[in-house]
1. All but one of (1) part of a loop (DSSP other than H, G, I, E, B); (2) modelled with pLDDT of 90 or more; (3) crowded, with 19+ Cβ neighbours inside 10 Å hold for Y249; which doesn't?
2. How many of the residues in segment 101-125 are among the hydrophobic types (A, V, I, L, M, F, W, C) and without any contact (Cβ under 8 Å) to a residue 60 or more places away in the chain?
3. So, in segment 114-143, how many residues would count as being β-branched (V, I, T) and in contact with an Asp or Glu (Cβ under 8 Å, 6 or more places away or on another chain)?
4. Of Y76, Y35, Y48, which residue is aromatic (F, W, Y), modelled with pLDDT of 85 or more and open to solvent by less than 30 Å² (accessible area, probe 1.4 Å)?
5. Looking only at segment 103-118, which residues are small (G, A, S) and either at pLDDT below 90 or over 14 Å from S84 (Cα atoms) (or both)?
6. I'm checking my understanding of the structure. Among residues of segment 187-207 that are buried (at least 20 other Cβ atoms within 10 Å of the Cβ) and more than 22 Å from Y104 (Cβ to Cβ), which one is modelled with the lowest pLDDT?
7. Right, V215: exposed (fewer than 15 other Cβ atoms within 10 Å of the Cβ) and within 19 Å of V152 (Cβ to Cβ) or not?
Amino acid sequence: MKNFLYLLPFLFILIACDKDETPPIKQKNLISIKYEDDISGYHSTISYNEKNQLSSLITDFENEYDGFTELSDYIYLESGQLRSFKRRSNSGYINNNFIIEYTYKDSRVDIKTSDIDQSTSYLNTVILDNNQRPIENWSYLEDNTTIYYKSVYTWDNGNPINIKSYIKIDDEFVLGSEIQVTYDNGINPYTHYKNSFSVRLSGESFNSANNAIKVTEQYYERIYGYNSTQTYTVSYQYDEDNYPTQSTYVMIQETSDPDATPKLEGKKEFTYQ
C-alpha cells in the first residue's frame with residue numbers, strides 16, 4: 001500500500017486534432033514535477049536529447065520510511081521507438097539496477113525487465129490496436145511462456161476509460177480489479193512517456209490524450225482478500241496553452257481492509273521548457 005500511495009503522481013500526452021477545427025497544440029517539454037501527499041513526496045527532473053526525446057529522469061523520493069534517488073536513462077532506435085532504458089534505485093531498503101528492453105513485432109511489443117544485480121528477468125507482452133494503443137498487457141510466470149496476469153483496456157477519444165485486470169486461477173482468468181476513468185480536455189503533460197506502453201501506474205493514466213478528473217478503482221475479495229473501492233477526484237490549474245501547472249487530488253477509500261488508508265490528499269506542480 002505504501003508504494004501504491006506514494007507513486008500516485010502522473011497523467012499525460014498530446015491530443016490528435018483537426019487543423020481545420022482546432023489550432024495546433026504548442027509542444028512543451030515537461031522538465032520538473034513536484035509531488036507531495038499526506039505521507040510522502042518526490043521531485044523529478046527530466047532531460048531531453050538533441051532529437052527532443054526523453055533522455056533521463058531523476059526522481060528523489062522522500063517519505064516516512066526512507067528516501068532514495070531513482071535515475072533512468074533512455075536509448076532509442078533509428079525509427080524513434082524506445083529500445084531500452086536503465087533504472088537504478090538506491091536506498092537503505094532498495095538497491096537494484098534494472099534494464100528494460102523492448103522488442104517490436106506485428107501488433108505487439110515484448111518488454112523484458114532484467115535485474116542486473118540478481119541476474120533475474122521477467123517478461124511482459126503488450127498487444128496493440130491499429131493506432132498503436134495498448135489493448136492488452138500480459139505478464140508471465142518464470143518460464144516467460146505461461147500467462148498468469150492480464151489487463152484489458154477500452155479506449156475513447158484517445159483516452160483509456162476502462163481497465164480490467166485478471167489473474168489466472170486453476171486455468172481460469174478471474175477478474176481482480178476494474179478501473180473507470182473520466183477526463184477533461186486539458187493536454188496531458190507526460191508526452192515523454194508515449195513510448196513506454198504503460199497505461200496505468202498507481203492511480204494514474206498513461207498514454208492518455210487528456211487529464212483524468214475522476215478515477216474509480218475497484219478491487220475484489222477473491223483475489224485481494226477484501227473488497228475495496230478507491231475514488232480519486234482531481235482538479236487542475238492550466239496555463240494559456242492548456243497545459244496543467246498544478247493539480248490536486250483527494251482519494252477516498254471504502255474497504256474491508258482494516259490497514260487501508262481511508263483518505264489521502266496530494267498535489268503536483270509542473271514546470272515546462
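1. It is condition (1) that Y249 fails.
2. Step one: list which residues in segment 101-125 are among the hydrophobic types (A, V, I, L, M, F, W, C), which gives 109, 111, 116, 123.
If we keep only those that are without any contact (Cβ under 8 Å) to a residue 60 or more places away in the chain too, we end up with 116, 123.
So the answer is 2.
3. First, pick out the residues of segment 114-143 that are β-branched (V, I, T): 116, 120, 125-127, 135.
Checking the rest, the ones that are also in contact with an Asp or Glu (Cβ under 8 Å, 6 or more places away or on another chain) come to 125-127, 135.
Residues that pass the stated criteria total 4.
4. Values: Y76 fails: open to solvent by less than 30 Å² (accessible area, probe 1.4 Å); Y48 fails: open to solvent by less than 30 Å² (accessible area, probe 1.4 Å).
Exactly one of Y76, Y35, Y48 is aromatic (F, W, Y), modelled with pLDDT of 85 or more and open to solvent by less than 30 Å² (accessible area, probe 1.4 Å), namely Y35.
5. Restricting attention to segment 103-118, the residues satisfying the condition of being small (G, A, S) are 107, 114.
Result: S107, single match.
6. G203
7. So V215 does not fit the description; no.
The values are calculated or read from the model by the stated rules, or taken from the named source; none is laboratory data. A quick note: this is a predicted structure, and the numbers were derived from the prediction, not measured. Quick reminder, even Gly has a Cβ in these numbers, built from the backbone with ideal geometry, and neighbours come from all protein chains shown. Areas reflect the complete protein model, heavy atoms only, side chains present, ligands, DNA and RNA absent. Shrake-Rupley method; radii C 1.70, N 1.55, O 1.52, S 1.80 Å.
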